[in-house]
1. Can you tell me which residue among LYS62, LYS34 is out of contact with any Asp or Glu (no Cβ under 7 Å at 6 or more places or on another chain) and among the basic types (Lys, Arg)?
2. Quick test for you: out of LYS139, LYS160, LYS143, LYS134, pick the one residue that is modelled with pLDDT under 95, more than 25 Å from ALA277 (Cα to Cα) and out of contact with any helix residue (DSSP H, G or I) (no Cβ under 7 Å at 6 or more places or on another chain).
3. Can you name the number of the only condition in (1) of a type in the set (Asp, Glu); (2) closer than 27 Å to GLU220 by Cα; (3) surrounded by 16 or more Cβ atoms within 10 Å (Cβ to Cβ) that GLU434 fails?
4. Do any strands (runs of 3 or more DSSP E) entirely within region 31-102 hold 2 or more residues that are surrounded by 21 or more Cβ atoms within 10 Å (Cβ to Cβ) and under 25 Å from the mean Cα position of the chain (by Cα), and if so, which?
5. I need the full set of residues from region 194-212 which are in contact with an Asp or Glu (Cβ under 7 Å, 6 or more places away or on another chain) and either surrounded by fewer than 22 Cβ atoms within 10 Å (Cβ to Cβ) or in the same structural domain as HIS87 (by TED's automatic domain parsing) (or both), in order please.
6. Inside region 390-420, can you point out the residues that are part of a loop (DSSP other than H, G, I, E, B) and either touching a helix residue (DSSP H, G or I) at 6+ places or on another chain (Cβ under 8 Å) or over 24 Å from ASP89 (Cα atoms) (or both)?
7. Only one of these is outside the structural domain of ARG213 (by TED's automatic domain parsing), under 30 Å from ASN141 (Cα atoms) and of a type outside the set (A, V, I, L, M, F, W, C): THR10, THR99, THR21, THR36. Name it.
Amino acid sequence: MTIDWQNEATKHKDDYLADLTTMLRVPSFRDDSKATKDAPLGPGPKQALTTFLAIAERDGFKTKNIDNLVGYAEYGEGDETLAVLAHVDEMPAGNGWDTDPFEPTIKDGKLYARGASDDKGPGMAAYYGLKIVKELGLKLNKKVRFIVGTDEESNWTGMKRYFEVEPAPTLGFSPDAEFPLINGEKGNVSLKLHFGNQDTGDDNLVSFDSGLRENMVPREAVAVVATDDNEQFAADFTAFLDQQPVTGELTVVPEGVRLEVIGKAAHGMEPRNGINAGTYLASFLSNYAFAADAAGFLSFIADKLHDDSRVVHLGLAYTDDVMGDLTMNVGLLHFDHQNGGDLTLNFRYPKGIEPADLTTAVQNQVPVGTTVSQGDFMVPHYVDPEDPIVKDLMDVYRRQTGDQDSQPEIVGGGTYGRMMKRGVAFGALFPHTEDTMHQANEFQPVDDLMAAMAIYAESIAVLATDK
């Protein structure tokens, strides 16, 4: 039978927007400070997971909640499993919003909310794609599991648990990136640098704070400086702001002066899309008479990290012909006299690079006494463009959009798709749409989400019936 997938999606628009609104109203960023045995990643991720599973149960799917970390909705039977892997957690909202980030708002056809683009909007579009397939009663020869994780934006604890206790899917996709299709993802590793706390100069760095997550370009940075010349600091700071792509404010406080810089947040996979407030503020402060560890902290940021996402100043510039550039995001920056200085550098690396080599190279560049530790890492992931999953999904995308020119891509972002040997990322950001993931005023056009729903519905039908 011939199915008008876009018409089927249109029938579900009101219900989809209602369920998506319910999901978006849940602030579901990971918060370890509020973790409990029952909510191991904090109350928000648990609430988002249980809310989604309740929707799936209402719609007649078999569901399972695994330790309030990960869950799934299941449809169909078969020896093989097609997985759709989405996530219900999100980044902290941060500042700079024109609307309430947890009260979804549609303006000029765009749905604004934290999670609208990453990943509740696309994830629920894919879920509704599966719901359409179920309602049409299509006969599948594969089991379909719609799996939702609860900390994709941090350590992937939930999805890792799924793969520990459940059989690995045969193939699948993650609706957590962009169209037409992502068949390769760079490796991902973060390095944590720790500086001492000594500060014996003419000026003293009382505190320095910037960044919300290591995989997010910091929008804001604040420092408090003890200085004997507030007026000169104010004049220099005004001149600095006039010459740089950031805004800011200086206020006099009991300790001396408080400096705030506002840049632009962006996803850490491509730091060039943002303006790192933290490295700009450190660059300004590095010109002053700080000493010891405070000076080392500021000068290392200014000389080795600032405005250098391709790590040229660290001597690490590298490009792979297939996977592209090695990139670095300076995601977290902190200094105080009690704890010293801490930096977290998030690297997205192509094949040909090893995390241990990055660690050694950075350790050789930092000031004496600074330690460098390597966190968990994910190796580069690649699916051959000739694999049937790539060809089938590209065929669906081209058939529904008429876009015959776009080709599969390789990106610096990491999605759940990489957890399967035959896993890819597939939508829902269209080539013509601005990427606002991890930014203030995150949005996704409603028409794009409906178009994605139709694409996902046909894709599930194709992949779950294809031998």
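1. Values: LYS62 fails: out of contact with any Asp or Glu (no Cβ under 7 Å at 6 or more places or on another chain).
Only one candidate qualifies: LYS34.
2. Details: LYS160 fails: modelled with pLDDT under 95; LYS143 fails: modelled with pLDDT under 95; LYS134 fails: modelled with pLDDT under 95.
Step by step, each of LYS139, LYS160, LYS143, LYS134 is checked, and only LYS139 is modelled with pLDDT under 95, more than 25 Å from ALA277 (Cα to Cα) and out of contact with any helix residue (DSSP H, G or I) (no Cβ under 7 Å at 6 or more places or on another chain).
3. That leaves (3) as the condition not met.
4. Where strands (runs of 3 or more DSSP E) fall fully within region 31-102 and carry at least 2 residues being surrounded by 21 or more Cβ atoms within 10 Å (Cβ to Cβ) and under 25 Å from the mean Cα position of the chain (by Cα), they are 70-75, 81-87.
5. Hits for region 194-212 are HIS194, GLY196, ASN197, GLN198, VAL206, SER207.
6. Start the filter on region 390-420 by keeping residues that are part of a loop (DSSP other than H, G, I, E, B), which leaves 402-408, 412-415, 420.
Passing the criteria: GLY402, ASP403, GLN404, ASP405, SER406, GLN407, PRO408.
7. On the way: THR99 fails: under 30 Å from ASN141 (Cα atoms); THR21 fails: under 30 Å from ASN141 (Cα atoms); THR36 fails: under 30 Å from ASN141 (Cα atoms).
Only one candidate passes the filter, namely THR10.
Yes/no matrix, rows are residues, columns are (1) closer than 21 Å to ASN364 by Cβ; (2) β-branched (Val, Ile, Thr); (3) touching a helix residue (DSSP H, G or I) at 6+ places or on another chain (Cβ under 9 Å):
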position	(1), (2), (3)
GLY256	no, no, yes
PHE290	no, no, yes
ASP293	yes, no, no
LEU314	yes, no, yes
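The values are calculated or read from the model by the stated rules, or taken from the named source; none is laboratory data. From a predicted model like this one, the values you see are computed outputs, not experimental measurements. Please note: Cβ atoms are built from the backbone with ideal geometry, for glycine as well, and neighbour counts cover all protein chains shown.
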